[in-house]
């Protein structure tokens, strides 16, 4: 493939990505009734409180993705040194790809194309380490919160309650043990015959030491604190009668359930809103408000960053060295 053809193809890919993301965002913002319900609800609230909360949500959104960028920079230093700004660009670019791909798998492509061509596969591997870390914490906190939920609202017999708690603790320990021994993945994949030829990529899993993996978990936990704070602020504003501990624990349950459901991002908001409405129905009957709260967080945390990320998509070089 000659250079002019590569350039034309690269531009077409970029425009396609931006077009798909724009179409998806447009359809969501025009067809989602929960967002309209949220706008109506805002009109009945104290304007100063609303402005303060929304401003805080936006600041926390940037903090959330900045922490993710720092985590990405920390992970990718195993294969290539990038600047903090380059990490920020690649994270937002990944979000643009993520909104129209199943289970946000496009986020990998959005990030790794900011790396040198010969480092992109390895970049996807190190990104997996961060993804697993986020999943581990989501599962640990979610399992423990789910045990609380079943104990409080399902009224199971004491023996079953105790069994569930033990199960949650054991599996939480297993998840943490697995993450801090992530080099096991290299060994497992190397045993699969057709994957052995790619073991020079998987060997990266063995390069992460305990201290580095702990740092990754700290980044992951920091992000959880940030977007949990976002949910907490919105629910305290819209449904202040719900007790603070109930809001926090319900959020962890919802994060856990949502992460367990395979989805296409085209239907992601529906899944988020429905899941939240079900679990919060045990502590409030304001289903529409719950769905509106989830829609607002979804809009601020995913859609707006995806729009911003479309600018960075134009800077990608799919067939050569990344633009600097």
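The values are calculated or read from the model by the stated rules, or taken from the named source; none is laboratory data. What you see is a predicted model, and the numbers here were worked out from it, not measured in a lab. In this analysis, Cβ positions are derived from the backbone assuming ideal geometry, glycine residues included, and neighbour counts consider all displayed protein chains.
Among the residues of region 145-185, those that are in contact with a helix residue (DSSP H, G or I) (Cβ under 8 Å, 6 or more places away or on another chain) and within 30 Å of residue 199 (Cβ to Cβ) comprise 171, 175, 176, 178, 179, 180, 182, 183, 184, 185. Determine if region 54-69 includes at least one residue that is outside any helix (DSSP H, G or I), under 23 Å from residue 288 (Cα atoms), more than 17 Å from the chain's Cα centre (by Cα) and at pLDDT 75 or above. No, the conditions are met nowhere in region 54-69. Residue count for region 70-87 under the criterion of being outside any helix (DSSP H, G or I) and without any contact (Cβ under 8 Å) to a residue 24 or more places away in the chain: the result is 3. Quick one: would you say residue 242 is surrounded by fewer than 19 Cβ atoms within 10 Å (Cβ to Cβ), modelled with pLDDT under 80 and touching a helix residue (DSSP H, G or I) at 6+ places or on another chain (Cβ under 9 Å)? The answer is no for residue 242.
When 143, 160 are checked against the criterion of being at pLDDT below 95 and either under 18 Å from residue 258 (Cα atoms) or not in a helix (DSSP H, G or I) (or both), 143 stands alone in meeting it.
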